[in-house]
1. To make sure I understand, if each residue's beta carbon is the centre and we count other beta carbons within 10 Å, what order do B:LEU47, A:LEU87, C:LEU137 fall in, fewest to most?
2. Just report the Cα centroid separation between region B:46-93 and region C:199-224, whole Å.
3. Which semi-axes, in whole Å and largest first, does the equivalent ellipsoid of chain C have when worked out from the alpha carbon gyration tensor as the square roots of 5 times its eigenvalues?
4. Determine the dipole magnitude for the protein assembly as shown: charges of +1 sit on the beta-carbon of Lys and Arg, -1 on that of Asp and Glu, nothing else is charged, the reference point is the Cα centre, and the result goes in debye to the nearest 20.
5. Angle between the Cα long axis of helix C:226-236 and the longest principal axis of chain C, 0 to 90 degrees, nearest 10?
6. For region D:22-39, just list the computed ³J(HN,Hα) in residue order, Karplus coefficients 6.51, -1.76 and 1.60, θ = phi - 60°, integers in Hz, with x standing in for Gly and Pro.
7. Let me see the P(r) profile for region B:96-205: every Cα-Cα distance counted, bins of 5 Å, each bin given as a percent of all pairs.
8. Please report, to one decimal in angstroms, the Kirkwood hydrodynamic radius of chain D built from all distinct Cα-Cα pairs.
Amino acid sequence: MNDDRRKVLKGTTGMAVMGLAVSAGLFKPGSAWAQAWNKAAFETKNVADTVKAMGGAGAAESKEIVITSPDIAENGAVVPFTISSRLPKTESIALLVEKNPSALAASFDIPAGTEPGVTTRVKMGQTSNVTALVKADGKFYYTTKEVKVTLGGCGG
Amino acid sequence: MKTKIIALSALAALVAGCATTPSDEEIAARSLAVMKAGFKERGQAKLDRLDQDNLQRTCSIYSGGNEMPKEVAARIEKEQLASIRYPADGKLLGDWKAGEKIAQSGRGGQYNDNPKAPSGANCYACHQLTKQEVSYGTIGPSLFNFAKVRGFGPDVQKYAWNKVFNSHAYAACSSMPRFGHRGILTEQQIKDVVALLMDPNSPVNK
Amino acid sequence: MNQTWERAARAACAIVALTACGASAQERSAVEEIERYRQALGDGNPAELWEARGESLWKEKAGPKNASLEKCDLGLGPGVVRGAYAQMPRYFADSGKVEDLESRLVTCRSTLQGIAPEEAKKNPFGGPGRKTVNDALVAYITSESRGIKMNVQTSHPKEAEAYEVGRKIFFHRGGPYDFACATCHGVDNIRIRLQDLPNLTKQVDAQRAYTSWPAYRVSQGEVRTFQWRLEDCFRQQRFPHLDFTSEASIALTMFLAKNANGAPFNAPSIKR
Amino acid sequence: MTDPMKIRATMSGDKVEVKVLMSHEMETGQRKDSKGAAIPAHFIQQVTATHNGKVVLSAQWGPAVSKNPFLSFKFAGGKPGEKVSITWTDNKGEKRTDEATIS
């Protein structure tokens, strides 16, 4: 499963796209705070496209990224995640939910001096793979896990 | 009318704060009056839902640590067994796939439910049925391998039908709704649920 | 910490993958994972947003009389909030009634602020885009009983009567499905789907359940009060609609609250 | 009218641990109301945390972030008594800033 994903992610190079994104002012290289909301990235449907929209050229799987979350969420409206990166020079951390209408849920820029780890909560429409995407030293890395979403209750 | 008088006298006694504690009947009458005043009709749920039939009344009395005498239980089971009706065509088994959908659905009977839409049986709320569904309750026993354990023959089919139709026929004051007796499920729906339990191809028996 | 997580995650994955393995193992892992989910939500409960808003509403002047609620007597004297909820419901001499927190707030908003009771009772529970005074005040006042032991009394005859009436309501089977509160909440160690059902007739369960309401419900994104909890239980019980702050709701609350006596109150909490 | 955030900033070793709760609907734009009409999207898009005028975290969010969002992170260089300030901006242009003292 991971091998396939890797192919998908690595198979598309996005240098041209990155150039476009930079010229459009969506992401300013070297700036810790991107001024404009990256609309294009929040409209992507899968990880590979998100990487492109964020100006990357594919991403490599990394064991240095850790997703801490329950494997089963009692309710998809609130699923807690902690994402931390041990990659040197971590610049940003993003959280993607593959089966959501838009894959990208949230993206965090990590300035120097801030620990490369964030905790937040996102909605999941259904059981899905969740990917943590990290930009470190100019390159993109990711790790993926599945989170199951259950339904409960009396009234069905 | 009589109830009302008892309720009022109980109330008067309580308000006066006199030493005699109200009897259980007085409290019961007072409670019913309080309930009737405290609930409002909404959607399909009318106030008559607070009124109890004999079974409900008896089961309420023998609860909360008040043990039911054996002869009362035997009488209830006999009465409830007698209430069970069977399909005119004599066939007790429908489509297990339709039964699985009914078993998953908890809709029906609530004031916010559409009274015209079919009700579910919500079997999974209380029972394990298949290996595929991990979100199941434990209010009732596991029904996994229901027929594989008990047999696929006509006697077990009839037992399954009776249980779904009126579970009190075998266990007085069971927690399970009387799906047939109270008209929660249609005859065809009961057939489908019975098929879910009885069909050799149903995931229940895998 | 991380190691524990990873180990548990690996174990759970292995079990879920092996569908052929025993039911009990599979079920345990699902329940354990749900427990982990709940723990992860414990830190950072959005109910705090309601508590903060409630505190402001308690102190702000409002209503035709342009008065705050700071003189409201919740049973421990005018204006005393700390610990008040742990002793409610209780009998109030000024209204001559047993009142729970939510009905008492209607009384105070009416007597102190001049808001008509019918108005104060209207739409008590929040929804998408609609925040209510009741939800916020309840979140604030209950939070001020956090850590205080439940101590509900039935020394006044009306309190004793409310308890007994509440008990009857709890065991009253009715409606098309023959359900009583006791059907789901009178038995040990059962669950509906994956939700554990407390046996509210048993002290330890009643304590754990009662002291965890109100709660922020993540499924609804709202703080839900105890009146809401009862109303929604009766809906699922296929009963008619329980009237907000009705005598029936207060009597049932009295029964459940007193059964929780002795346990430290610990809410608003966070639930699925 | 927006409600204040709940911000907690506490020393955790030599770092400052920041925990934030925000009051926001985080409406996805995908839901329908009881009459079947689409409820328009309404969600926080950007969050910035600053300490002594320096950005210590900035975030871009989509509508998938849960209602009444929670966020937690740690940064170095803060001392008790100093202030941490958080600002959010949503897709309707609403903006809110609150601050907390490090303890």
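The numbers here are math on the coordinates, done by the rules we state, and not lab data. On a predicted model such as this, the values are computed, not experimentally measured, just so you know. Backbone-built Cβ (ideal geometry, glycine too); neighbour counts: all protein chains shown.
1. Numbers: B:LEU47 13, A:LEU87 18, C:LEU137 25.
Starting with the residue having the fewest Cβ neighbours, the order is B:LEU47, A:LEU87, C:LEU137.
2. 32
3. Those come to 35, 23, 17 Å.
4. Working: 97 positive and 77 negative charges, 165 e Å.
I would put it at about 800 debye.
5. Its long axis makes an angle of about 60 degrees.
6. 10, 8, 7, 5, 6, 6, 6, x, 9, 8, 10, 7, 5, 8, x, 7, 5, 8
7. For region B:96-205, the pair-distance distribution reads 2, 13, 22, 27, 22, 10, 3, 1, 0.
8. Working: mean 1/r = 0.0689 Å⁻¹.
Hydrodynamic radius (Kirkwood, Cα only) of chain D equals 14.5 Å.
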